[in-house]
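Read through the structure below, which is laid out as structure tokens, and then see the notes.
The values are calculated or read from the model by the stated rules, or taken from the named source; none is laboratory data. Nothing here was measured: the structure is a model prediction, and the numbers come from that model. Cβ coordinates were reconstructed from backbone atoms using ideal geometry, including for glycine residues, and neighbour counts include every protein chain displayed. With ligands, DNA and RNA removed, areas are computed over all heavy atoms of the protein, side chains included. Shrake-Rupley method; radii C 1.70, N 1.55, O 1.52, S 1.80 Å.
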Amino acid sequence: MLGTLLLTAPAAHAADTPLRDLGTAKGKVIGTAVTGAKLTGSYGDIAGAQFSSLTPGNAMKWGSVEPTRGSFNWAEADQIVEFAEAHGQQVRGHTLVWHSQNPSWLTNGSWTSAQLGTLLDDHIATEVGRYKGRIAAWDVVNEPFNEDGTYRSTLWYNGLGSGYIARALTAARAADPAAKLYINDYNVEGVNAKSTALYNLVKSLKEQGVPIDGVGLQAHLILGQVPSTLQQNIQRFADLGVDVAITELDIRMALPADTAKLAQQKADYKAVTAACVAVSRCVNLTVWGFTDSDSWVDSTFPGYGAATPYDANYAPKPAYYGIAEALGGTTTPPPTGACTATYSVPSQWNTGFTGNVTISCSGASLSSWKVTWTYGAGQQITQAWNATCTQSGAAVSCVNASYNGTVPDGGSVSFGFNANWSGSNPVPTVTLG
Ligand code: XIL
């Protein structure tokens, strides 16, 4: 016999200005990585309403589009591009030349340098050509550097030397002259050896007249570790004459999440967004999945998760409001968790019963409380303990005693009462608030 009212933040905040509109007002495109099969229901609604750019999380990688040599599968990539066009969104193409998620026929083959070069040229001509005019920006080359700033040893580097980067950019420009061409990497958000190597590469490409329009800073970050030099680093690339995009932002925390970690995550998301807002050539800020139910983090970094701006039930987290605030939004975040009141009848006899109400909090807390309900069958409270209860007609209102108003995150408080009944004793719906 339980009557429960769950007090939670509503999953959608229709009155809040969508991130994409806040971004537009600041001259920023706000994006998310997506999984094509999920673009329906709440996931599709949020992806379409909140973001002005989509990046296929996996659908445009070589291993996805050409699993067997000469046999192509464009279904998911096409679907995402069509969804974006239907929602007035840009698409970031991701990614053409990488060491990972390549088809096994490619990685297991043994190729001469000339063959590799032709494979690279043909792949870029085929994929970029297919979507010509429909992709705002391509991550042409992904993750070319080691942490110390040397070139990563890959199929491409080992076969073609560092010239594979200029070759890929040139091929991409030929296939779609309108698309912005990027080099994208991780751990290049702050000023460090790796980002300096990227800086020097971009500088040299520009000096040689190789087409390069932007750099992507992936930004797979750890809670509390936004690099202090992020804005300075964005600015130095902008000063070279290229655009900058935050391409894969997520901020992971050790699980379980709690109120303090979610507050820190909000601050971190806000700091990253603010750094992009501060530099006019930072043109796009994309999260790598917008919901914790569609993030690569949990499976990639064991023990870590909760890295995105929406929880797994599509409720915006404090992180969402961190992005919104940095974009000039003025919304107030809802409580991050919930407190609930549960009514039960531990014992009942011929004309009387003992009732109990327990108030529990998870991800939220209370410093005082009031629980109300309306009896449906003439029940009458005679005595209460651990609360002050008043009854007027059928309406009951119970407030905390002086000593038990606090319900901590993860804690609970109970009060009890005796009451009379006759005929029937239905459980009322209780309201906490
Ligand atoms: C990740 C995807 O999100 C996962 O689903 C997949 O299993 C592995 O790749 N850097 C990148 C992205 O450039 O393509 C990666 O995406 C995350 C790291």
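Across segment 48-72, the number of residues qualifying as within 15 Å of the ligand (Cβ to nearest atom), within 17 Å of the chain's Cα centre (by Cα) and open to solvent by less than 30 Å² (accessible area, probe 1.4 Å) comes to 4.
Candidates in segment 398-413 are the residues that are more than 34 Å from the chain's Cα centre (by Cα) and surrounded by fewer than 16 Cβ atoms within 10 Å (Cβ to Cβ); of these, the one that is nearest to Cys339 (Cα to Cα) is Gly405. Of all the criteria given as (1) open to solvent by 20 Å² or more (accessible area, probe 1.4 Å); (2) touching a Pro at 6+ places or on another chain (Cβ under 9 Å); (3) more than 26 Å from Leu249 (Cα to Cα), the one not satisfied by Trp156 is (1).
The requirement of being touching a Ser or Thr at 6+ places or on another chain (Cβ under 9 Å), in the same structural domain as Pro309 (by TED's automatic domain parsing), more than 29 Å from Asp294 (Cα to Cα) and touching a residue at least 12 places away in the same chain (Cβ under 8 Å) is fulfilled somewhere in segment 168-187, by at least one residue.
Residue check: Gly337 meets all listed conditions (1) within 16 Å of the ligand (Cβ to nearest atom); (2) at pLDDT below 95 but one, namely (1). Take the residues of segment 213-259 that are outside any helix (DSSP H, G or I) and among the polar types (S, T, N, Q): which is nearest to the ligand (Cβ to nearest atom)? Among residues in segment 213-259 that are outside any helix (DSSP H, G or I) and among the polar types (S, T, N, Q), the one nearest to the ligand (Cβ to nearest atom) is Gln218. Taking the criterion of being β-branched (Val, Ile, Thr) and without any contact (Cβ under 8 Å) to a residue 12 or more places away in the chain, the only residue of segment 359-404 that qualifies is Thr390. Within segment 291-306, restricting attention to residues that are under 17 Å from Pro316 (Cβ atoms), part of a helix (DSSP H, G or I) and open to solvent by less than 50 Å² (accessible area, probe 1.4 Å), the residue that is farthest from the ligand (Cβ to nearest atom) is Asp292. Going through (1) without any contact (Cβ under 8 Å) to a residue 40 or more places away in the chain; (2) assigned to a loop (DSSP other than H, G, I, E, B) one by one, Tyr314 falls short only on (1). Checking each residue in segment 149-159 for being assigned to a loop (DSSP other than H, G, I, E, B) and touching a residue at least 24 places away in the same chain (Cβ under 8 Å) picks out Gly149, Thr150, Arg152, Thr154. Any idea which residue in segment 281-290 is nearest to Ala238 (Cα to Cα), counting only those that are open to solvent by less than 20 Å² (accessible area, probe 1.4 Å) and within 13 Å of the ligand (Cβ to nearest atom)? Result: Thr286. Is at least one residue of segment 216-224 modelled with pLDDT of 95 or more, open to solvent by 60 Å² or more (accessible area, probe 1.4 Å) and out of contact with any His (no Cβ under 6 Å at 6 or more places or on another chain)? No, segment 216-224 has no match at all.
Restricted to strands (runs of 3 or more DSSP E) entirely inside segment 325-425, those with at least 3 residues that are polar (S, T, N, Q) are 338-348, 352-362, 380-385, 387-392, 412-420. Candidates in segment 110-148 are the residues that are polar (S, T, N, Q) and either touching a residue at least 40 places away in the same chain (Cβ under 8 Å) or in a loop (DSSP other than H, G, I, E, B) (or both); of these, the one that is most open to solvent (accessible area, probe 1.4 Å) is Ser110.
A count restricted to segment 73-98 and to residues that are open to solvent by 50 Å² or more (accessible area, probe 1.4 Å), small (Gly, Ala, Ser) and touching a residue at least 40 places away in the same chain (Cβ under 8 Å) stands at 0.
The condition of being away from the ligand (no atom under 15 Å from the Cβ), assigned to a helix (DSSP H, G or I), closer than 22 Å to Leu285 by Cβ and in the same structural domain as Val244 (by TED's automatic domain parsing) holds for Gly44. Among the residues of segment 286-331, those that are under 17 Å from Arg20 (Cβ atoms) and among the aliphatic types (A, V, I, L, M) comprise Val287, Ala319, Ile323, Ala324, Ala326, Leu327. A count restricted to segment 73-98 and to residues that are assigned to a strand (DSSP E or B) and either of a type in the set (A, V, I, L, M, F, W, C) or within 16 Å of the ligand (Cβ to nearest atom) (or both) stands at 7. The single condition from (1) of a type outside the set (A, V, I, L, M); (2) within 16 Å of the ligand (Cβ to nearest atom); (3) assigned to a helix (DSSP H, G or I); (4) surrounded by fewer than 20 Cβ atoms within 10 Å (Cβ to Cβ) that Gln101 fails is (3). Condition first: open to solvent by less than 30 Å² (accessible area, probe 1.4 Å) and either within 37 Å of the chain's Cα centre (by Cα) or among the basic types (Lys, Arg) (or both). Now tell me which residues in segment 342-356 satisfy that. Within segment 342-356, Tyr343 is the sole residue that qualifies.
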